[in-house]
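Below you'll find the structure, written out as C-alpha cells, and then a few comments.
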Amino acid sequence: MPAAFVLKRLALAVPTLVGVAVIVFVLLRVVPGDPIAMMIPPGATEADIANLRRVYGLDSSILQQFLQWAGQILQGEFGTSISMRRDVLDLILGRLPATLELAVAAILLAVALGTGLALLGTWGQGGPLEVLVDGFTGLTLAIPDFLWGLIFILLLGVAWPILPISGRIDPRLGVEFATGFYLAESLLRGEWRIFGGIVAHLVLPAVALALPLVAAVARLLKASLQAVLQEDYIAMARARGMGRWRIILREGLQNAAIPTVTLGGVQFTFLIGGTVLIERIFSYPGIGNMAIGAVIQRDLPLIQGLVLTFALIFIVVNLAVDMSYAALNPRLRR
Amino acid sequence: MTGAVAAPAGGERPRTGALAAALRNPRVWFGGLVGLALLLAAVFAPLLAPHDPLQQDLMLGQLPPFWVPGAEPGYPLGTDSLGRDLASRLIYGARVAVIVAVVAALAAAVLGTVLGLLAGFFGGWVDALVSRLVDIWMAFPAVLLAIVLVAVIGTGLEAVIVAIAVIDWTRFCRVIRAETLVQKEQDYVLAARTLGLARLRTLYSEVLPNVMPLLLTLLTLEMGIAIIVEAILSFVGLSISSDEPTWGGLIAEGRQYVHDAWWIMSFPILCLIVVVLGLNALGDGLRRVLDPVMRR
Amino acid sequence: MTDAYLDIAGLHMAVGRGRRPLPILRGVDLAVAPGEVHGLVGESGAGKSMVGRTVLGLLPPAARVTGGTVQYRGRDLLAMPVAERRALLGAKIALIPQDPMTALNPVHRIGRQVTDVLRLHLGLRQKPALARAEELLAAVQIREPGRVLRQYPHELSGGMRQRVLIAIAFACDPDLIVADEPTTALDVTVQRQILRLLKEMQGRAGTAILFVTHDLGVVSKICDRVSVIHAGRILESGAATEIFAAPRHAYTRALFAATPRYDRPADALHPIPPALLSALWAEAHEADRDEADRDAADRATEDGR
C-alpha cells in the first residue's frame, strides 16, 4: 500500500480527533452537577473547596481549561482521576490491553463466522442451508447484543456451567504478567494452561460482542457473493473447468468483500462501542467497564481521557477498514 | 396481502383494506397481543401485583419460583435478595417500559420527522445541514452516546427519555427525508402547490398523511429499541433509582447473584425478549400490510 | 460424423419450468470438423448463443435441454459426469467471450488469470506457468508481456483484454474453441486485428472453432463453413464459399440483403421481409406441434404397454 495513501488518511483523522476533544470537553463542562461537591468531606471549609477546585483546574475559564488540558494531553498528561486519585493515563493504559484483546478477538471471530455463514448460504443457495443461515442471522439481529450476553451467562455460565462469566482470568491462578496483554503474553511464553483459562474467559464476551457483526457480515457478504456469481468472469471460470468451491473462494470472495467492507465498515466501530456494555455484563476489566464507572462517579478527567481513547480507537478501526478496502480493490491502489 | 388486490385505488377503501389485512396478519396479531399485555400490566399494576414491589422481607430473600423446591406460596416467581416479590417488581417494571416506549419513541419520532420533512421538502442548505448532522450522529455507537449523554444530563427517567430521543431521531429523519423527496416529485403535491397552498400546509396536508404508514412502522420498532436502551441504562445504574422496579435494574441485581438465584435475572430477560420480538413482529407486520409496494 | 470434434444432433432446448416451457432450440444439427472454423449465423434471439453455451455447460438456470446430444470427439458432453466435463473445459474446449470488459476478474492480475488454467489443467508449477503465460501473451502479439502479466484488467484496453482472453483460450492447446461474438464489443479497427489474430492462431494450432455471430461480414473473413440459424432451427448449412456465392434459403438471401457492404450503396440495404419472418415462425410453431404430438404418441405407447 502506498505511503501517500496512508498518510492522507492519517491527516484526515486529526481534525476528527480535535473535534471529538472539543465536543467532549465543552459537553462535560455544561454538566449540571458539581463533581467537587461530591468529593467534599463533611466539615470542609470554603478554603478547602477552593483548594480542591484549583487542584483539579476547575476554577479558571472554560477556554483556559481547554487549552491547558489540550496542552497537557499533547504531553501525555491526562490529569488525575477524581474518583480514583490516580493518573488518568496510567489507569487507561492499565485497562486498555484487556479491551484491545477482547475487541480483536471479537472482530476476528465476527469476520471468520460471518464469512463462513455467507459461504454456506451461497453454497446452498435456494436450499435449506440458505434458509438456515438466513434464520440464524435474522434471529441474531432481532435480539440485541445486550440480551445475547445475558442469555449466554444464563445458559453457558449457570444452567450448563461450562464457561466462566466474570473477569478476564481466574484470580486464584495468581499469575504475574509483564504486560497487560495476558492472552498474547501467555501464548508467547507457551503457558498453555493459563492461555486456555484466558481464552475460556474471553469466549462468551467475545461471541456476544461479535454477534451483530457476524450477522451483518453474513448478510452483506452473502448478498454480494450471490450477485458476484452472476458476473461474466465467473461464467468464464466455469467455462475453464473450475470447481464450485474454487470459483466461490478464489474468483468470487474478494470481489464480494469490496461492497461488504463499504457497507459494513461502520459496524466495526459499533463493535468497539459495544465493548462498553459487554465488559459491564461480563465484569471484564477493560476501559469500557471503566467508562461506565467514571460516568457514575462523574469523574470528568477520566471520562475525557476515556472518550478520547475511544475516539482514537474508532479512528484506527476506520483507517484499518479503509486500508482493507484499498487492499481488496486494485482499482484503488495507485 | 390479498386484501390489497381486492381494494380499488383511491377513496377510503384502501384504508379499510389495510386494516382488514392488518387483522389477518399473524405478525400483527402476535405483536399486538404482546403490546396490549404490556400496556395492561402497566396500567393495572396495582391490581395485578400480589405484593407491594418495594416491600422488603429479608427473611424471605432469594426465594425460588413456584416450581422449584423451597418456593413459598404467594411468591409465584420468587423474590430478590431483599425479599421483594419478583412477580410484582416485573409487573411494576412494565410501567417504566411503557412510559419510555411511548414517550421516548414519540419524542424521537417528532424530532426526526420534523427535521426529515423540512430537509426533504425545502432541500438546499436545510437539507445539507440536516443530512450532515445525521451522518455525524450515525457515526457514533448508540450505547456510548447514550452513556455520555446521561453523564451530561444526569440520571433519572426524564434524562433517559431525552437521551433516547436525542440519539434515535436520525432513524426517523433519514427515512422521512427520503420518502418526502419521493412524494415531493409526485403529481398531487405539485398540484397542491399550484393551487397556491402554502408550503408548510402542503407538508402537513399532503406529505404527512402519505408517510404515516412508514412512520407508524418505525415508531413501533423504535418502542422496542427504547425499552432496550432504558433497560441497558438501568442495568449500568444510569437510569432511575435502583429501588424503583425496572427490568434493567432487576437484571443488574440478578447478575450479582446469578450463581445463587438465577431466576432474578431470567424473568426480566424473558420479558425483554418477548417484548422486543413482539414489537419487531408488529413493526414488520405493519410494514408488510401498510406498504403498498410490499403488498403488490 | 464421429471424426468431428463437435457433433450436435437434434438439440432441443426450452426455457421456463411451467407446463408449457417456451422452446428456443428446435432440433439443431451441427458438426465442426477438426481444423475448421464454423460460423453459426443468426439474428439476436435466434438461439445461436445458447448452442455455444450448451457446449460449455453455461446454460442459464431457467433453460433446459429437452432432447438431443452434444458430442465432443464421440463423447456426449451432456451425459458425462461433472468431473469429466470439468477436465475438458478450459483444456480441450475453450471459450472466447463476447465482452472482454467484463470477462476478466477485476481483482486478479493478468498473470494469475493466465496461469490459473495452466496450473489447473496442465499441472504446471507457478514458475514454468508464468514463463508459459509470457510466451502465450507474446503469441497474441501483446507487447511487453512480462509487464502486462503484472497488471490488472482495468489497466488494459478492450482490445488488449480480448487478446489476453484469446491467449487463455489457446493456453492448453484446445481442440475446440467456442467464440461467442468475440468482436462485437470492440471498435471496428480493433475488430479487424482481433479477427486476423484469431485466424492466425487457429491456423497455427489447427484448432476447430465454432464462431457464433450475427455479422455476415465477419463470417466471410474467417469461416470455412456456415450454418444459418433462425428461431432455433438451422435453415441452411454448407461451405462458406458456396453459401456466399449462391445462398439456397430465402432467409439467407434476405440476411445478405440486410447486411451493409462497402461495395454497395447504403440505400441498397433491405430489411428482412416481414412476410418471410412470419412464414418461418409459422414453420417453427408447426415443428413444436409435431414435437408435442410425437411426445404424446410416445407417452400413449408407453401407457399402452
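The values are calculated or read from the model by the stated rules, or taken from the named source; none is laboratory data. Everything numeric in this text was worked out from a predicted model, so none of it was measured. All Cβ positions, glycine included, derive from the backbone under ideal geometry; neighbour counts span all protein chains shown.
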Do you know which residues across the range B:96-150 are within 14 Å of chain A (Cβ to nearest Cβ) and β-branched (V, I, T)? B:V134, B:I136, B:V143, B:I147, B:V148, B:V150
Report, by residue number, each residue of the range A:95-118 that is within 15 Å of A:A257 (Cβ to Cβ) and crowded, with 23+ Cβ neighbours inside 10 Å. A:A110, A:G114, A:L117, A:A118
Kindly list, by first and then second residue, each pair from a residue in the range B:36-52 that is of a type in the set (F, W, Y) to a residue that is part of a helix (DSSP H, G or I), limited to pairs with Cβ atoms under 9 Å and residues at least 6 apart or on different chains. B:F44/B:I91
Any chance the range B:276-288 includes a residue that's in contact with a helix residue (DSSP H, G or I) (Cβ under 8 Å, 6 or more places away or on another chain), more than 14 Å from every other protein chain (Cβ to nearest Cβ) and surrounded by 24 or more Cβ atoms within 10 Å (Cβ to Cβ)? yes
Buried (at least 22 other Cβ atoms within 10 Å of the Cβ), under 23 Å from C:P106 (Cβ atoms) and touching a residue at least 24 places away in the same chain (Cβ under 8 Å): which single residue out of C:D180, C:D187 fits that description? C:D180
Unique match (being touching a residue at least 40 places away in the same chain (Cβ under 8 Å), in contact with a helix residue (DSSP H, G or I) (Cβ under 8 Å, 6 or more places away or on another chain) and of a type in the set (K, R)) among C:R26, C:R17: C:R26
Suppose the filter is surrounded by 21 or more Cβ atoms within 10 Å (Cβ to Cβ) and either acidic (D, E) or outside any strand (DSSP E or B) (or both); does C:L210 pass it? no
If the Cβ limit is 8 Å and pairs must be 6+ apart or interchain, which residue in the range B:212-233 that is touching a residue at least 24 places away in the same chain (Cβ under 8 Å) and among the hydroxyl-bearing types (S, T, Y) pairs with which residue that is crowded, with 24+ Cβ neighbours inside 10 Å and in a helix (DSSP H, G or I)? B:T217/B:L286; B:T220/B:G31; B:T220/B:L279; B:T220/B:L282; B:T220/B:L286
Here are some residues: C:V140, C:V148. Which one is crowded, with 20+ Cβ neighbours inside 10 Å and either within 21 Å of C:V188 (Cα to Cα) or within 12 Å of chain A (Cβ to nearest Cβ) (or both)? C:V140
For A:A210, state whether it is away from chain B (no Cβ under 14 Å), in a helix (DSSP H, G or I) and within 19 Å of A:I313 (Cβ to Cβ). yes
Exactly one of these conditions fails for C:K127: (1) more than 21 Å from A:E231 (Cα to Cα); (2) touching a residue at least 40 places away in the same chain (Cβ under 8 Å). Give me its number. (2)
Restricting the search to the range C:123-152, which residues are assigned to a helix (DSSP H, G or I) and of a type in the set (D, E, K, R)? C:K127, C:R132, C:E134, C:E135, C:R147
Filter result for A:V295 (among the β-branched types (V, I, T), over 15 Å from the mean Cα position of the chain (by Cα) and within 7 Å of another protein chain (Cβ to nearest Cβ)): yes
Of all residues making up the range C:40-98, the number that are in a loop (DSSP other than H, G, I, E, B), within 14 Å of another protein chain (Cβ to nearest Cβ) and of a type outside the set (D, E, K, R): 13
Of the numbered conditions (1) in contact with a Leu (Cβ under 8 Å, 6 or more places away or on another chain); (2) in contact (Cβ under 8 Å) with a residue 24 or more places away in the chain, A:R244 satisfies every one except a single condition; which is it? (1)
What do you reckon, is C:H38 touching a strand residue (DSSP E or B) at 6+ places or on another chain (Cβ under 8 Å), at pLDDT 90 or above and more than 21 Å from C:V226 (Cβ to Cβ)? no
Does the range A:137-176 hold any residues that are touching a residue at least 24 places away in the same chain (Cβ under 8 Å), in a helix (DSSP H, G or I) and closer than 18 Å to A:I278 by Cβ, and which are they? A:T140, A:L141, A:D145, A:F146, A:W148, A:G149, A:L150, A:F152, A:I153, A:L156, A:G157
Given (1) assigned to a helix (DSSP H, G or I); (2) at pLDDT below 90, number of the condition A:V133 does not satisfy: (2)
List, please: which pairs have Cβ atoms under 9 Å, are six or more places apart or on different chains, and start with a residue in the range A:226-237 that is within 7 Å of chain C (Cβ to nearest Cβ) and end with one that is charged (D, E, K, R) and not in a helix (DSSP H, G or I)? A:D232/C:D99
Taking the condition more than 19 Å from A:A105 (Cα to Cα), more than 13 Å from every other protein chain (Cβ to nearest Cβ) and crowded, with 23+ Cβ neighbours inside 10 Å, does A:R240 pass? no
